[in-house]
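The values are calculated or read from the model by the stated rules, or taken from the named source; none is laboratory data. Quick caveat: nothing in here was measured; it's all calculated off a predicted structure. A quick note on method: Cβ atoms are made from the backbone with ideal geometry, for glycine too, and the neighbour counts reach across all protein chains shown.
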Amino acid sequence: MATGQPPAPAVPPGSGWPGDPADAATPVARDPAAVAALAAGASTPEQLDARVSVCRACPRLVAWREEVALTRRAAFADQPYWGRPAPGFGPADARIAVVGLAPAAHGANRTGRIFTGDRSGDWLYAALHRAGLANQPTSVHAADGLRLTDTRIVASVRCAPPANKPTPVERDTCRPWLVRELELLAPTLRVVLVLGAFGWQALWPALTAAGLGAPVVSRPAFAHGAEVRAGRLTVLGCYHVSQQNTFTGRLTEPMLDAVLARARELAG
């Protein structure tokens with residue numbers, strides 16, 4: 001992926017980045033009202049992905065993701081950065097949705113694919129491969145041939161945030177993208193696997209707005225291995241695959257494998 005090209009704040013839509021779902025005609029959301037309208041009006045996952053990938057509704061997040069794309073990390077100084085929101089990844093008829101927090105500044109914000117190009121993604125995709133849900137154990141860049149089976153990965157916030165911490169306002173502004181994604185997945189979706197407490201908190205109002213059912217228990221608490229029925233869906237909790245958890249042993253490979261095995265079992 002190295003090009004030697006000078007840094008740019010973002011890849012222009014339709015300029016040839018592998019897997020770019022947008023083009024120059026894709027409408028751009030510039031405020032929360034536009035996010036809600038454009039999300040609701042997306043009739044296919046492909047159209048939704050395109051609109052997500054050019055969103056500019058949160059000024060702080062736009063400024064940060066583009067600053068990172070301009071300055072780059074030294075290890076990736078010779079690589080162009082995506083510098084845009086990260087759309088969902090995986091088949092449109094998935095039975096399992098994996099919901100994360102937000103793109104990493106030098107991961108998805110660099111590569112253009114969620115959980116790709118960072119240590120968190122190394123853990124997640126290796127586990128998906130062990131579970132038979134990915135065709136290869138690595139996710140390096142957007143043209144590496146990775147394919148998922150029965151699984152779609154999304155983030156509750158689609159732009160890389162400073163210090164990996166979106167604000168509640170940014171989370172709420174981004175929610176319509178998640179709501180519409182859940183609606184489009186609804187015909188086949190059976191399991192939602194949530195990585196971390198932030199995604200867990202963001203999921204419940206999105207599920208309700210998507211008409212997919214409320215949890216049996218009001219405001220269920222997040223826990224690794226938590227299992228909550230919500231209408232015909234089952235929501236599973238899993239510690240996030242962040243280095244903070246994987247390096248310290250809070251999340252181990254057997255723990256992650258067990259949650260994915262349960263997701264496959266429930267998805268049928």
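Listed here are the residues, each with its yes/no results for (1) closer than 17 Å to Gly88 by Cα; (2) under 20 Å from the mean Cα position of the chain (by Cα).
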| residue | (1), (2) |
| --- | --- |
| Pro9 | no, no |
| Ser15 | no, no |
| Pro27 | no, no |
| Val35 | yes, yes |
| Ala40 | yes, yes |
| Ser53 | yes, yes |
| Cys58 | no, yes |
| Glu66 | no, yes |
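List the helices (runs of 4 or more DSSP H) inside the range 20-106, counting only whole elements, that have at least 1 residues being in contact with a strand residue (DSSP E or B) (Cβ under 9 Å, 6 or more places away or on another chain) and surrounded by fewer than 23 Cβ atoms within 10 Å (Cβ to Cβ).
Ranges flagged: 45-52.
Which residues, counting only those in the range 116-138, are in contact with a strand residue (DSSP E or B) (Cβ under 9 Å, 6 or more places away or on another chain), part of a loop (DSSP other than H, G, I, E, B) and without any contact (Cβ under 8 Å) to a residue 40 or more places away in the chain?
Matches in the range 116-138: Thr116, Asn135.
Sort out for me the strands (runs of 3 or more DSSP E) sitting completely within the range 169-268 that have 1 or more residues that are within 25 Å of Arg60 (Cβ to Cβ) and either modelled with pLDDT of 95 or more or not charged (D, E, K, R) (or both).
Result: 191-195.
Of (1) of a type in the set (Phe, Trp, Tyr); (2) within 20 Å of the chain's Cα centre (by Cα); (3) surrounded by fewer than 18 Cβ atoms within 10 Å (Cβ to Cβ), Phe247 satisfies all except one. Which?
Going through the list (1) of a type in the set (Phe, Trp, Tyr); (2) within 20 Å of the chain's Cα centre (by Cα); (3) surrounded by fewer than 18 Cβ atoms within 10 Å (Cβ to Cβ), Phe247 breaks only (2).
From the list Arg158, Arg219, pick out the single residue that is out of contact with any Asp or Glu (no Cβ under 9 Å at 6 or more places or on another chain), touching a residue at least 24 places away in the same chain (Cβ under 8 Å) and charged (D, E, K, R).
When all the criteria are applied, what remains is Arg158.
Filter the range 159-190 for residues that are more than 15 Å from the chain's Cα centre (by Cα), farther than 14 Å from Asp93 by Cβ and not charged (D, E, K, R) and give the result.
Pro162, Ala163, Thr167, Pro168, Val169, Thr173
If I ask for residues that are in contact (Cβ under 8 Å) with a residue 40 or more places away in the chain, over 22 Å from Val179 (Cα atoms) and either in contact with a Phe, Trp or Tyr (Cβ under 9 Å, 6 or more places away or on another chain) or hydrophobic (A, V, I, L, M, F, W, C) (or both), which ones from the range 11-65 would you list?
Val11, Trp17, Gly19, Trp64, Arg65 - these are the residues of the range 11-65 that are in contact (Cβ under 8 Å) with a residue 40 or more places away in the chain, over 22 Å from Val179 (Cα atoms) and either in contact with a Phe, Trp or Tyr (Cβ under 9 Å, 6 or more places away or on another chain) or hydrophobic (A, V, I, L, M, F, W, C) (or both).
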